[in-house]
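Down below is the structure, laid out as structure tokens.
The values are calculated or read from the model by the stated rules, or taken from the named source; none is laboratory data. Keep in mind that what you see is a predicted model, and the values were worked out from it rather than measured. Backbone-built Cβ (ideal geometry, glycine too); neighbour counts: all protein chains shown. Protein only, heavy atoms only, side chains kept; ligands, DNA and RNA dropped before computing areas. Shrake-Rupley method; radii C 1.70, N 1.55, O 1.52, S 1.80 Å.
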Amino acid sequence: DAGVIQSPRHEVTEMGQEVTLRCKPISGHDYLFWYRQTMMRGLELLIYFNNNVPIDDSGMPEDRFSAKMPNASFSTLKIQPSEPRDSAVYFCASSFAGHMNTEAFFGQGTRLTVV
Amino acid sequence: AQKVTQAQTEISVVEKEDVTLDCVYETRDTTYYLFWYKQPPSGELVFLIRRNSFDEQNEISGRYSWNFQKSTSSFNFTITASQVVDSAVYFCALKRQGAQKLVFGQGTRLTINP
């Protein structure tokens, strides 16, 4: 398997524009996570899905952020409108729960810069 | 509440030295899971190890070893005979039994100088 695939790797956009980040999880994994990494707050969980259903979105900072998982192999994180403080690295991760807690595998991240 | 503390913000050593990265965690749960991830300069997060709270055996994988001590709530990571390629930011993380959220420490930036 190619691992978790995120696109784009880098995104530069102007304040006020809509930004869509994309993620393809590892095939067979039933959990998908969106994390954000900033210098100030470190790595923080934004939202996660189980079998395509959003389970916990308490980490989503504002209504400007939304996430969808239309099928088992694709998820998006959208920011509309974007603001400079949204600049961060956004990671998608996936895991397979199985009968025990297992590790999450992360994508390479999308570095978002809002100017 | 869950919390992970990596008190060492940055460590710099010369190649071939041994180095230990500290991780201290807080949880009220009796069952939990601990992880280490590596973030090299290229930016991705690479899974290194998972340890269950009911398994206190230490683990060795090549030059890497992990020391888990429940009595001190620590899960330290040692690199033996460090190499320049070990330069990265290393994150310790905690997850509750039955939960999916990873709580990360702030990370330790390790620099191995030739």
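For the stretch B:66-114, which residues drop by 40 square angstrom or more in accessible area between the chain on its own and all protein chains together (1.4 Å probe)?
Buried-area filter returns B:GLN100, B:LYS101, B:LEU102, B:PHE104, B:GLN106.
Which of rounded, prolate or oblate describes the stretch B:32-114 when judged by the alpha-carbon gyration tensor and an a/c cut-off of 1.5?
Judged from the Cα gyration tensor, the stretch B:32-114 comes out oblate (a/c at least 1.5, b/c at or above a/b).
Please report the net charge: other residues with Cβ closer than 15 Å to the Cβ of B:GLU56, K and R +1, D and E -1.
+1
Could you run the numbers on buried accessible area between A and B, total for both chains, 1.4 angstrom probe, in Å² to the nearest 100?
1800
Report the chymotrypsin sites (Phe, Trp or Tyr not before Pro) located in the stretch A:1-79 that are in a DSSP loop and have at most 16 other Cβ atoms inside 10 Å of their Cβ, or state none.
Within the stretch A:1-79, no chymotrypsin sites (Phe, Trp or Tyr not before Pro) qualify (loop, at most 16 other Cβ atoms within 10 Å).
Tell me, what % of the accessible area of chain A is carbon and sulfur with a 1.4 angstrom probe?
Its accessible area is 51 percent carbon and sulfur atoms.
In whole percent, and with a 1.4 Å probe on the protein chains, what portion of the accessible area of chain B is carbon and sulfur?
Whole-percent figure for carbon plus sulfur exposure: 46.
Taking chain A as a Gaussian network, where each spring joins two C-alpha atoms under 10 Å apart, which residue of A:VAL53, A:VAL89, A:VAL12 fluctuates the most?
Comparing A:VAL53, A:VAL89, A:VAL12 in the GNM, the peak value goes to A:VAL12.
For chain A, modelled as a Gaussian network with Cα springs under 10 Å, which listed residue fluctuates most, A:ASP63, A:ASP86, A:ASP30?
Greatest mean-square fluctuation among the candidates belongs to A:ASP63.
Leaving out ligands and nucleic acids, note down the accessible area per residue over chain A with a 1.4 angstrom probe, in whole Å².
Value returned for chain A: 50 Å² of accessible area per residue.
Please give me the summed charge of the neighbours of B:THR31: other residues whose Cβ is under 14 Å from its Cβ, Lys and Arg +1, Asp and Glu -1.
Net local charge, B:THR31 excluded: +3.
How much accessible area per residue does chain B have, counting only protein heavy atoms and a probe of 1.4 Å, in square angstrom?
49
With springs only between Cα atoms under 10 Å apart, run a GNM on chain B and tell me which of B:PHE54, B:PHE77, B:PHE68 wobbles the most.
For chain B, modelled as a Gaussian network with Cα springs under 10 Å, the answer is B:PHE54.
Let me confirm one metric for peptide B:37-47, namely the mean number of other chain beta-carbon atoms within 10 Å of its residues' beta-carbons.
Mean partner-chain Cβ count within 10 Å for B:37-47: 5.
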